[in-house]
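Structure, as structure tokens:
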Amino acid sequence: MSAWLAPEARLALLGGRLVLPAGVVDGQALLLRGGSIEAVAAEAELGEAVPRVDLGGAYVTPGLIDLHTHGALQASFLDGSDEAFARILEEQARHGVSGVLATTSTATMAAILAALERTRAWLSGDRPGARLLGAHVEGPYFAAAQAGAQDLTHLRNPDDGSVDELLAFADAIRLISFAPELPGAIELTRRAVALGIVAAAGHSEATDVELAECQAWGMRHVIHLWSGQSTTRRDGPWRRPGLLEATLASDGLSAELIADGKHLPPTLLRLAWRALGPNRACLVSDATPGAGLPEGAHFTLGEMTYEVADGVGMMPDRSGFAGSTTFLDGMLRVMTEQVGVPLAEAVRMASLTPACVIGLERRKGSLEAGKDADLALFEPDLTPRCTVIDGRVVSGRLTRGARP
């Protein structure tokens, strides 16, 4: 990592367009002290002794936070190696991302546990790239009918005894997603929530009633809307709402959107934004090891092989998507340009909202006094310029052509 601000050293970032929770602000400085944000202030209030850097009109956002990402550049968190983790997190930082949950997928229990072991090791110490914030255990407790690109041969029910092995890594797990209707799902919800882990629904055939049973025990998040989810079905003359409708109609659930312009058309992204609002709709990349690879490249995740086709991960038979190949910066562009979401709201969906989901909103997710100096700089077209974590430049440069 590049050294930048020494402890208690101050620096004022001027000439940027600050993307705050309430909107985009011009003519204000972002004042940093060491690894924290000290204030948003007018330049006249800074004092003569404070060093200044002119950002030349760049957007300044909080560092983006990706709660659901599997890999990049042929590397997967399921690889369980330092090399894979470093490659993924360095690439994430190049896209304005300051925080990541290492996301697994349905695989052998040995592979999942190895990824959790490596995540635990990376939670301490000074590491390259985006900051690892913990793990998202996606699978293996999913409904076969909604498995999508998940590995069917390793699906499990949460009452088979394997939950004990996973929860031995409760200190490393921030989020676990599973199908609420499976045997043992209610007990898994109860245990996860008691340990401070976010319980999330996904890859599920659940009815609204089955989801509500887990919600009663603290389930409060839903992964990738419209992907691997039950919807309204007919039971004779009756309509039985599924996971999708229950989420969109809820008052308290947060939910993920893969806004890569492939998984969901603008109409569905707009529907979710209007139903949930920027405080509960959360952008995630669901990036696979195919992220950053050229068209036609093949990649593996666990024991499964997929292909990059038409700018997205694909099943070999083209029967379905297999994760995204787009990072969060690309999703900001989709949300603002194609869906019509105001920039401040799109940024919130990729920073403060995910921070709230995993309980880090007091430290991360917005440009506010007292929070960590985790920042991303974007050109006017939302091309990433620079990523800063704890007051240190970890990718790119603060100003065009200048060293940090």
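The values are calculated or read from the model by the stated rules, or taken from the named source; none is laboratory data. Treat the numbers as computed from the prediction; the structure is a model and nothing was measured. Here the Cβ positions follow ideal geometry from the backbone for every residue, glycine too, while neighbour counts run over all protein chains shown.
Picking from Glu210, Glu256, Glu187, which residue would you name as being over 30 Å from Glu345 (Cβ atoms), at pLDDT 95 or above, among the charged types (D, E, K, R) and touching a strand residue (DSSP E or B) at 6+ places or on another chain (Cβ under 9 Å)? Let's see the steps before the verdict.
Working: Glu256 fails: over 30 Å from Glu345 (Cβ atoms); Glu187 fails: touching a strand residue (DSSP E or B) at 6+ places or on another chain (Cβ under 9 Å).
When all the criteria are applied, what remains is Glu210.
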For Glu337: the one exception among (1) outside any loop (DSSP other than H, G, I, E, B); (2) touching a residue at least 12 places away in the same chain (Cβ under 8 Å); (3) within 17 Å of Leu264 (Cβ to Cβ); (4) more than 16 Å from the chain's Cα centre (by Cα): (2)
Residue match in segment 112-120 (condition: assigned to a helix (DSSP H, G or I), surrounded by fewer than 18 Cβ atoms within 10 Å (Cβ to Cβ) and of a type outside the set (A, V, I, L, M, F, W, C)): yes
Qualifying residues in segment 367-404 (those that are among the polar types (S, T, N, Q) and surrounded by fewer than 19 Cβ atoms within 10 Å (Cβ to Cβ)) - the one nearest to Ile88 (Cα to Cα): Thr383
Contacts under 9 angstrom Cβ, first residue in segment 215-229 being farther than 21 Å from Asn279 by Cβ, partner surrounded by fewer than 22 Cβ atoms within 10 Å (Cβ to Cβ) and of a type in the set (Val, Ile, Thr), 6 or more apart: Ala216/Ile186; Trp217/Ile186; Trp217/Val193
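For every residue, the table says whether it meets (1) buried (at least 24 other Cβ atoms within 10 Å of the Cβ); (2) within 24 Å of Leu152 (Cβ to Cβ).
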position	(1), (2)
Phe169	no, no
Ser177	yes, yes
Ala185	yes, yes
Gly196	no, no
Ala200	yes, yes
Asp208	no, no
Leu211	yes, yes
Trp217	no, no
Ser227	no, yes
From Ser76, Ser105, Ser81, Ser98, residue being surrounded by fewer than 24 Cβ atoms within 10 Å (Cβ to Cβ) and of a type in the set (Ser, Thr, Tyr): Ser81
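Within segment 34-73, how many residues turn out to be in a strand (DSSP E or B) and over 30 Å from Ala102 (Cβ atoms)? Outline the logic, then answer.
Applying the first criterion (in a strand (DSSP E or B)) to segment 34-73 yields 36-42, 52-54, 59-62, 64-69, 71-72.
Add one more test, that the residue is over 30 Å from Ala102 (Cβ atoms), and what stays is 38-42, 52-54.
Final tally of qualifying residues: 8.
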Any hit, segment 326-341, residues being under 15 Å from Val19 (Cα atoms) and surrounded by fewer than 19 Cβ atoms within 10 Å (Cβ to Cβ): yes
Single unsatisfied condition, Ala86 versus (1) assigned to a helix (DSSP H, G or I); (2) surrounded by 22 or more Cβ atoms within 10 Å (Cβ to Cβ); (3) of a type outside the set (D, E, K, R); (4) over 13 Å from the mean Cα position of the chain (by Cα): (2)
Residue within segment 45-61 that is among the basic types (Lys, Arg), buried (at least 18 other Cβ atoms within 10 Å of the Cβ) and within 28 Å of Ala344 (Cβ to Cβ) present: no
